[in-house]
Amino acid sequence: EKIRQAQSSSDRDELTVVLNALLWGVARGVVPQQEVLDALVEAGLGNNEAATATLADVLWVISNQAERMRDQGNGKEWVNMCALVGEIHSRALVPPATLKSVLELEILHEAGISLEPTATIMKKVVRINTRNLYTQNKFNLLKEESEGFAKVLCLLHSDITCETLQASKQNLLSLIGTTWYFDLDPNRVLDLVLDAYEVHYTNECFMELLTEFKVDGIAHVLGFKFQFYARQNIPAPRSLFRLAATLIQHDLLTLAVVYPHLSPTKDAVVAAATQDRLDVVQHAKSYGKVNLNAKKPDDEHATAAAADTSQDKHATNQLYGLIVGLLEVGATGPGFALIEWFTAQNVDPLQYKPLALQVCQFVHDLIDDMYAPLSLRSLRFASPSPDIPRRRRVVPPVQTVDAFVAQVVPKLHLIGAHLHHDQFLWTKLLRMLSPLDRLPPDTVESLIRMCFLPALSVHTCCPHLVYQTWDLVKAYSVDTRYKFYLHWQTQYNTVPFLQLKQAETVQLTRKIMRRLTADKTKPTGRLLTHVAHANPLVAFTTMLQQLQSYENLIQPVVECLKYMSPLGMDVLSFVLISELSRPRKTFKADGHNVSLWLSSLAQFAGSFYRKYPTVELGALLSFLFRRLSAWESGELIVLSELLTKM
């Protein structure tokens, strides 16, 4: 009854204790052997596979102890155990295969289960182990192995198709095995399959070949490739990241499996980005300062070198490279999830130019159909070449304005000032937003504040973008436009790389202003325009600060402004009001004469608006009237200059 209860219980230890007590009783001669065997048969122990395995384990433990007691001179237990094992075998309580795999050779021979002597069986075991473990295959490994890998390469690069997939799979597996006498290393064959898939990444048949290998092996072989480039401190090829992203997209690997093989870690990236941000801010603060103990400074080359160093540093960042690969193959879910994780840690991964360009390409795919009516492709000046395959879209394009707001606008906010990397996308967006009157006003305004104006600050001088931006901005009222410029000015103080750009623009503007004379307004004006095209806020603020100290520069500066864009002129009117509104003393110490800064700005305002009457003047007049209604009479000189010169 106890055997039956222990057998029905899910706890195997209880059955082990009961069987151990009964069988030890039989071995010592305390319990009759026949009664124990009848009890085991009655309990149906032979019909339960788990119970028979437990019985075999208990027999092995007791037989080993009985053998040790026999060697010590007490052979009674050994004789009883041999008889018991023989009876258990004859009654089929335990399968013969289980007994032969668990019990020792000597007790099997004594119990009559194995008819051959123990010594003979041991010789056979030694002979089999020697043949399996130590005997070499009788062929030239160097020659045959090279031929085998050559056949693998020919097979992988023979344009595998769906029709030939099964045959190719069988041939590959036979090359790994011993059917063709090559016996190739599976890991090296897997490495070759991954290399071939890296080259023929559009052939989905390789994914079927990879399913024949262990997933752990794929992760380790792929990780070894990444670690090789990390040890050499060189950028991994983009095709390798695309391969890893493809395996993740097809659920053959997971991000958690790939992360340990990438360098650097997430925490290291966050720490390095924090330090880089501090270094950029410090460099912006010290930009242009002269160190008498150092060599002759070259700020322009230093800035270019710093930018190149930053890109080189990001080029070895395999996490950023993996994000690029994920977006390239269409695994946008995990790709943008990684970007959002870094953004939440106050890290901007889009500082890595290839990643910024890949996100821009994603937006290209989204707006492709909506931009088609505005594109020159509709004119069909030329037909696409059939020899050049079209790039596969990784995302379906949006068709409605609501879809544009829901899918495209968040990605543009993510890109931000990095839009300057893709001027083609920038141009397409400026063309699209003008006729899209159905877009919510807040959406377009946010794009102007977050993308277009900050991107102007860091782009190379490109006048057509400035004019197209003005075509979009000029539709707003002067109050809204000045809010745009105010937000733009705030970003120069909060975004590190814009702070560096501001410091660079200030130095260039001062350098040009030092060479400005009345007889050199034409060449100097073009240089000033070149700087002010991208950063009119910084350039004009620096220029007006110079004019407040040097009245003789007013007329040459006014002459130089004829080369400015309409956007630059509008920004200049905003900067002029900003300088007038700064809290400073309007009169000198005698209380009768106007301060030099206010007098200079008044003369500049009169000359500027007289020569360029189309520039926004209403905002300045509104500012002056508000100051006068607040009994601030110092600004009367500005109004006087305007009335006198205009």
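The values are calculated or read from the model by the stated rules, or taken from the named source; none is laboratory data. As the structure is a prediction and not an experimental result, all values here were calculated from the model. So basically every Cβ, Gly included, is an ideal-geometry build from the backbone, and we count neighbours across all protein chains shown.
Below, the figures for the structure above:
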| item | result |
| --- | --- |
| Given (1) farther than 30 Å from LYS511 by Cα; (2) exposed (fewer than 13 other Cβ atoms within 10 Å of the Cβ); (3) touching a residue at least 12 places away in the same chain (Cβ under 8 Å), number of the condition LYS285 does not satisfy | (1) |
| Inter-residue pairs, beta-carbon under 6 Å, first in a loop (DSSP other than H, G, I, E, B) and in the range 396-416, second of a type outside the set (Lys, Arg) and surrounded by 15 or more Cβ atoms within 10 Å (Cβ to Cβ), 6+ apart | PRO397/LEU366; PRO397/ASP368; VAL398/LEU366; VAL398/PHE404; VAL398/GLN407 |
| Selection count, the range 517-544, where residues are in contact with a Cys (Cβ under 7 Å, 6 or more places away or on another chain), more than 9 Å from CYS560 (Cα to Cα) and surrounded by fewer than 21 Cβ atoms within 10 Å (Cβ to Cβ) | 1 |
| Residues located in the range 77-118, provided they are of a type in the set (Val, Ile, Thr), out of contact with any helix residue (DSSP H, G or I) (no Cβ under 7 Å at 6 or more places or on another chain) and without any contact (Cβ under 8 Å) to a residue 40 or more places away in the chain | VAL79 |
| Hey, ILE637 in a helix (DSSP H, G or I) and in contact with a strand residue (DSSP E or B) (Cβ under 6 Å, 6 or more places away or on another chain) or not | yes |
| Test for PHE625: is it surrounded by fewer than 18 Cβ atoms within 10 Å (Cβ to Cβ), in contact (Cβ under 8 Å) with a residue 24 or more places away in the chain and over 52 Å from the mean Cα position of the chain (by Cα) | no |
| Unique residue being closer than 17 Å to LEU414 by Cα and in contact with a helix residue (DSSP H, G or I) (Cβ under 7 Å, 6 or more places away or on another chain) when the list is PHE497, PHE484 | PHE497 |
| Looking only at the range 445-487, and only at residues there that are over 15 Å from ASN535 (Cα atoms) and of a type in the set (S, T, N, Q), the one that is surrounded by the fewest Cβ atoms within 10 Å (Cβ to Cβ) | SER477 |
| Any hit, the range 94-106, residues being surrounded by fewer than 17 Cβ atoms within 10 Å (Cβ to Cβ), small (Gly, Ala, Ser), more than 59 Å from the chain's Cα centre (by Cα) and at pLDDT below 85 | no |
| Conditions (1) within 25 Å of MET122 (Cβ to Cβ); (2) in a loop (DSSP other than H, G, I, E, B); number of the one not met by SER63 | (2) |
| Pick from the range 553-609, criterion among the β-branched types (Val, Ile, Thr) and within 50 Å of the chain's Cα centre (by Cα), ranking: nearest to LEU624 (Cα to Cα) | ILE577 |
| Criterion: touching a Leu at 6+ places or on another chain (Cβ under 7 Å), closer than 21 Å to TYR320 by Cα and crowded, with 16+ Cβ neighbours inside 10 Å - qualifying residue of PHE213, PHE226 | PHE226 |
| Subset of the range 438-468 [in a loop (DSSP other than H, G, I, E, B) and closer than 22 Å to GLN423 by Cα] | HIS459, THR460, CYS461, CYS462 |
| Unique match (being acidic (Asp, Glu) and within 21 Å of the chain's Cα centre (by Cα)) among ASP251, ASP191 | ASP251 |
| Sole residue being more than 16 Å from ILE554 (Cβ to Cβ), in a helix (DSSP H, G or I) and not hydroxyl-bearing (Ser, Thr, Tyr), chosen from ARG627, ARG610 | ARG627 |
| Pairs with Cβ under 9 Å, 6+ apart, first in the range 500-519 and closer than 13 Å to TYR287 by Cβ, second of a type in the set (Lys, Arg) | ALA503/LYS285 |
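Residue-wise test of (1) surrounded by fewer than 15 Cβ atoms within 10 Å (Cβ to Cβ); (2) closer than 26 Å to SER114 by Cβ; (3) at pLDDT 85 or above.
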{"residue": "ASP11", "(1), (2), (3)": "yes, no, no"}
{"residue": "LEU40", "(1), (2), (3)": "no, yes, no"}
{"residue": "LEU45", "(1), (2), (3)": "no, yes, no"}
{"residue": "GLU49", "(1), (2), (3)": "yes, yes, no"}
{"residue": "ASN74", "(1), (2), (3)": "yes, yes, no"}
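The rows are residues; the columns are (1) of a type in the set (Phe, Trp, Tyr); (2) assigned to a helix (DSSP H, G or I); (3) under 28 Å from ASP279 (Cβ atoms).
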{"position": "TRP470", "(1), (2), (3)": "yes, yes, no"}
{"position": "LEU486", "(1), (2), (3)": "no, yes, no"}
{"position": "TYR492", "(1), (2), (3)": "yes, yes, yes"}
{"position": "PRO523", "(1), (2), (3)": "no, yes, no"}
{"position": "SER549", "(1), (2), (3)": "no, no, no"}
{"position": "PRO556", "(1), (2), (3)": "no, yes, no"}
{"position": "MET569", "(1), (2), (3)": "no, yes, no"}
{"position": "LEU576", "(1), (2), (3)": "no, yes, no"}
